[in-house]
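Encoded as structure tokens, the structure appears first; notes follow it.
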Amino acid sequence: MEGQYLQLIVAAAPTTGGRSGFIIGRKVSPRAVDRNRIRRKLREVLRTLPASAERYDLVLRVKRGRTRAEQEAATAEAARLLARLVGRTGSERAAESP
């Protein structure tokens with residue numbers, strides 16, 4: 001799934017308790033302190049997900065987030081994309097797969 005500020009890469013978890021990862025490059029935000037702030041905010045979004053999200057391995061790739069406003073927008077977008085992922089049924093996921 002792709003949004004304006006980030007890309008969500010999803011795969012079925014091979015074991016229970018899915019994993020998550022973040023890709024936040026220097027081009028997105030040159031300062032490490034800003035990249036770490038984005039990472040902390042995204043971890044908080046993941047922490048609030050329901051238990052049904054544990055069946056996925058997730059990678060959140062941030063595409064934009066230079067300013068504080070963009071960082072907040074990226075966090076909100078992550079929450080929307082993840083809620084959409086967890087809220088879908090199995091038949092909808094199968095229809096999206098190539």
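Rule-based calculations on the coordinates, nothing more; no lab input. Because the structure is a prediction, the values reported are computed rather than measured. Neighbour counts run over all protein chains shown; Cβ positions are idealised from the backbone, glycine included.
What is the helix-to-structure angle for 32-47, meaning the angle in degrees between its Cα long axis and the longest Cα principal axis of the chain, kept from 0 to 90 and rounded to the nearest 10?
30
Residues with amide H under 5 Å of Gly3's amide H, sequence separation 5 or more or different chain, H placed in the peptide plane at 1.01 Å from N; which?
Counting only residues 5 or more places away or on other chains, the set is Leu8.
Go ahead and run the numbers for FRET between Arg26 and Ala76, Cβ-Cβ distance against an R0 of 22 Å, rounding to 0.05. Each step should come with its number before you reach the end.
Working: r = 23 Å, r/R0 = 1.05.
The calculated FRET efficiency here is 0.40.
All other residues with a Cβ under 11 Å from the Cβ of Gln71 taken together, and with Lys, Arg as +1 and Asp, Glu as -1, what is their net charge?
The answer is +4.
How far apart, in nanometres, would the label points at Asn36 and Gln4 be if each is projected 7 angstrom from Cα along the Cα-to-Cβ direction?
A separation of 2.9 nm, rounded to one decimal place.
Collect residues whose amide H, placed 1.01 Å from N in the peptide plane, falls under 5 Å from the amide H of Ile23; neighbours closer than 5 in sequence don't count.
Leu60, Arg61, Val62
What does the charge dipole of the chain about its Cα centre add up to, to the nearest 20 debye, if the Cβ of each Lys and Arg holds +1 and the Cβ of each Asp and Glu holds -1?
Here the chain has a charge dipole of around 540 debye.
Provide the percentage of antiparallel DSSP beta bridges, counting only those with both residues in the chain; round to the nearest 5.
65
Kindly express, to the nearest 10 degrees and within the range 0 to 90, the angle between helix 68-87's C-alpha long axis and the longest C-alpha principal axis of the chain.
0
Pop a pseudo-label 7 angstrom from the Cα along the beta-carbon direction at both Ala13 and Ser52 and give the gap in nm to one decimal.
1.5
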